[in-house]
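Sharing a structure, written as structure tokens. Questions coming.
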Amino acid sequence: MDATAFWTQGDGVSRTVAVALLLLSIASWVIIAWKAWLLARARMGVLRGIAAFWQAPSPAEARRTVPAFDPQGWIVPFLAALEGPAAQAQHRTRLLRSALHVAADRLQFGQVLLASTGAVAPFIGLLGTVWGIHHALADIAGAGQITIERIAGPVGEALVMTAAGLAVAIPAVLAYNLFGRRIGRIEAELEGFAHDLRDLPPAA
């Protein structure tokens, strides 16, 4: 059965399931493409920004040079913590913690969608399969003639919904796990950098 025939012959439930899987697939692939680009740029910006900071002759000079190596602003917010006086250690810690939280929110954006897609898409596909089988058997029973040929076609078409659910879920799960590892490495770099900044003397 092609897509046009499925759409015209299906009822409201089967169409809703198909649309839901299509929307989840589109959303997850958009997030996958965007996060692959974001995380690649983020790791490069973090590593180059940290290296530029430690190579600068002073924190004041680092605040001027780091933005050129960190155009997306992963490192720059941390440098604001160096501007307070030494007596305000709690103020510096609060600024560093806030910068870490902002960076983590940027890195984690989209992960919930990928996790949710991986969790619910197989069940949405299974719902479509169960409903499709029920609908097919009801039509066959109403026809008054039951043969293996009349059963195999509609049931096989209904089972396609389970395969569609898995096809949507598997890329989302794989991307979620892959991105999770990359995010963990970037967050570790940022946390180590924040820890080092906390112990630096205040900028002149």
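What full-extension length gain, to one decimal in nm, is calculated for residue 191 and residue 37 as 0.36 nm per residue of separation minus the Cα-Cα distance? Could you put the intermediate results ahead of the total?
Working: separation 154, 0.36 × 154 = 55.44 nm, distance 2.19 nm.
Length gained between residue 191 and residue 37: 53.2 nm.
For 31, 75, give me the order by solvent-accessible area with a 1.4 Å probe, most accessible first, ignoring ligands, DNA and RNA. Write out the running numbers ahead of the final one.
Values: 31 25, 75 0 Å².
Final ranking, largest accessible area leading: 31, 75.
Between residue 130 and residue 198, what is the label-to-label distance in nm when each label sits 7 Å out along the Cα-to-Cβ direction?
According to this spin-label approximation, the distance is 5.0 nm.
By accessible area of protein heavy atoms, probe 1.4 Å, what ranking do 135, 195 get, highest first? List each step's numbers first, then the result.
Working: 135 70, 195 95 Å².
Highest to lowest solvent-accessible surface, that is 195, 135.
In addition: How high is the FRET efficiency from residue 51 to residue 89, r the C-beta distance, R0 25 Å, rounded to 0.05? Let's see the in-between values first.
Values: r = 26 Å, r/R0 = 1.05.
Given R0 = 25 Å and the Cβ-Cβ separation, E is 0.45.
Another one. Given the peptides 93-103, 114-124, 54-64, arrange them by the average over their residues of other C-beta atoms within 10 Å, most packed first. Intermediate results must be reported in sequence, preceding the final value.
Working: 93-103: 16.6, 114-124: 19.3, 54-64: 13.1.
Per-residue Cβ counts within 10 Å, averaged per peptide and sorted highest first, yield 114-124, 93-103, 54-64.
The values are calculated or read from the model by the stated rules, or taken from the named source; none is laboratory data. Keep in mind that what you see is a predicted model, and the values were worked out from it rather than measured. Positions of Cβ are backbone-derived with ideal geometry, glycine not excepted, and every protein chain shown enters the neighbour counts. The area values use the complete protein model at the heavy-atom level, side chains included, leaving out ligands, DNA and RNA. Shrake-Rupley method; radii C 1.70, N 1.55, O 1.52, S 1.80 Å.
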